[in-house]
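Working notes for the structure below.
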Amino acid sequence: MHRIAVIPGDGVGPEVVAEGIKVLEAAGEALNIGFEWRRYPFGAEHYLSTGETLSEESLKELSACDAIYLGAVGDPRVKPGVLEQGILLKLRFHFDQYINLRPVRLYPGIETPLKGKKPEHVNFYVVRENTEDFYVGAGARVRESGRVELEVVRRLYRLRFGVEVEKEGSEEVAFQLGVVSREGAERVIRYAFELAEREGMSRVTGVDKANVLTHAYSLWREVFDSVAGEYEGIETEHTYVDAVTMYFLTKPEHFQVVVTPNMFGDILTDLGAQIQGGIGLAPSGNINPEGVSMFEPVHGSAPDIAGKGLANPVAQILAGALMLRELGEPRAAELVERAVAETLREGVRTPDIGGRASTSQVGDAVAEKLRELAEY
Ligand code: NAD
Ligand code: IPM
Ligand code: MN
């Protein structure tokens with residue numbers, strides 16, 4: 001019996017989560033796995049009516065769950081960042097989900113915008129650091145927050161540029177700090193190498209911008225090299241984030257495991273989503289191997305298509321498969337992935353990937369296919 005906290009969230013979140021649960025239930029029935037779903041209302045409606053993003057009590061309850069299954073948060077009625085930081089990032093940080101695992105995999109029959117590339121060319125993992133970098137939230141807008149930060153900014157400017165930011169209020173300055181710690185880098189880089197070994201992959205690519213952000217990413221690089229030294233059979237390379245963006249498009253088949261700092265990983269995985277056929281197909285796992293992990297699609301709440309039955313539920317369903325694997329149910333995970341692959345191959349798809357089916361029709365078809373596959 002797995003106890004799963006469910007946060008459908010905003011926009012298309014509730015629509016795709018319903019299909020994810022439908023498919024997970026079907027997998028559970030087929031393989032005799034029980035789920036207890038505990039629903040939480042966090043998101044824009046809850047925030048607008050109560051002023052609360054997440055409550056301390058709920059965090060305690062969530063910590064007693066085996067995993068969290070999240071749709072998406074973010075709503076045009078709420079200032080950008082309030083729900084994203086107050087719910088999504090809060091959960092990633094609170095549960096120290098230091099790995100963000102984002103497989104990039106092209107399913108048979110799905111069209112990639114990359115000319116001539118087939119499923120065998122697009123099949124790799126992005127391992128995104130998930131608790132540091134520019135996501136730590138350290139920074140300020142100086143006019144808003146006054147003297148202490150202004151003094152910091154003055155010093156930074158004097159040191160770096162020899163410029164005096166003198167008159168208070170004459171110049172509005174904002175700054176945001178990126179943090180890389182040795183421990184933080186090491187644990188995620190090690191995970192990437194372990195993943196490569198587990199999956200029989202032979203190359204780990206490290207991403208950074210050590211030529212410009214020399215302080216933070218020289219440490220990242222140093223840690224990468226020292227961890228790499230422990231994995232003799234695995235080929236390694238450093239790439240700058242700008243160049244790796246090109247290579248994702250020109251030679252995706254080169255990549256096996258890509259390990260990246262947080263913000264570059266965010267950007268690279270929207271690109272990764274496109275090369276695997278679209279953002280509606282890309283799942284994501286926020287993983288703490290020793291704690292409570294959280295599974296969600298790479299995409300957001302897609303307010304432009306919410307409530308219309310247009311959302312592709314596949315990313316959410318595949319996030320469910322990642323969750324099953326982390327819960328120690330690899331057979332069920334594989335069954336879900338095979339059911340998705342078959343359903344897509346047969347052409348049951350939402351409009352974003354050239355089909356005519358609705359969100360729930362795709363969910364129904366995947367669940368049905370799963371039951372069929374389970375009978376063999
Ligand atoms: P988005 O991913 O929500 O949407 C980008 C585009 O992709 C839109 O055109 C949308 O219609 C399309 N799209 C997304 N998911 C789809 C699906 N399942 N099927 C078909 N098409 C889909 O990104 P955005 O527009 O930049 O952000 C919208 C909101 O979501 C913002 O508030 C943002 O902060 C938030 N967001 C949340 C998460 C999360 O909760 N994990 C992730 C990213 C963005
Ligand atoms: C993602 C999203 C989030 C991120 C936002 C909504 C905080 O874009 O999961 O990729 O930047 O990590
Ligand atoms: Mn993103």
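Summary table below
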| read-out | value |
| --- | --- |
| Per-q log10 I(q)/I(0), the range 280-371, q = 0.11, 0.18, 0.21 Å⁻¹ (Debye; single scatterer per alpha-carbon; no solvent) | -0.31, -0.79, -1.01 |
| Trp37, Trp220 arranged by Cβ crowding within 10 Å, fewest neighbours leading | Trp37, Trp220 |
| Proximal charge balance of Pro351 [Cβ under 15 Å; K/R count +1, D/E count -1] | -1 |
| Helix-only [θ]222 nm of the chain, DSSP H runs n ≥ 4, -39500 (n - 2.57) each, per residue, nearest 500 | -13500 deg cm²/dmol |
| Derived scalar couplings ³J(HN,Hα) [the range 351-361; Karplus, 6.51 cos²θ - 1.76 cosθ + 1.60; whole Hz; x for Gly, Pro] | x, 4, 10, x, x, 10, 7, 8, 3, 6, 5 |
| Proxy reagent accessibility, fewest Cβ within 10 Å first, across Asp133, Asp304, Asp96 | Asp304, Asp96, Asp133 |
| Centroid-to-centroid separation of the range 331-357 and the range 268-315 [C-alpha atoms, Å] | 15 |
| The range 225-376: relative contact order as a whole-number percent, Cα under 8 Å and 6+ apart | 17 |
| Two-decimal Rg/Rh across the range 275-326, once Rg and the Kirkwood Rh are taken from alpha-carbon atoms | 1.04 |
| Exposure proxy order (Cβ contacts within 10 Å, fewest to most) of Ser301, Ser358 | Ser358, Ser301 |
| The range 160-319 - convex hull of the alpha-carbon atoms, volume per residue in Å³ | 189 |
| Peptide ranges 61-72, 235-246 listed from the most packed, as the mean C-beta count within 10 angstrom indicates | 61-72, 235-246 |
| Lys pairs under 13 Å by Cα in the chain, provided they are eight or more residues apart or on distinct chains | 4 |
| Test item: Cα-centred dipole of the chain, Lys/Arg +1 and Asp/Glu -1 on Cβ, debye | 620 |
| Where only alpha carbons of the chain are counted, the Rg and the Dmax (Å) | 21.5, 75 |
| Highest average packing first - 249-255, 221-227, 366-372, Cβ atoms within 10 Å | 366-372, 221-227, 249-255 |
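Since every read-out is calculated from the coordinates, none of them should be taken as a lab result. Keep in mind it's a predicted model, so treat the numbers as computed, not measured. Note: ideal-geometry Cβ built from the backbone for every residue, glycine included; neighbour counts use all protein chains shown.
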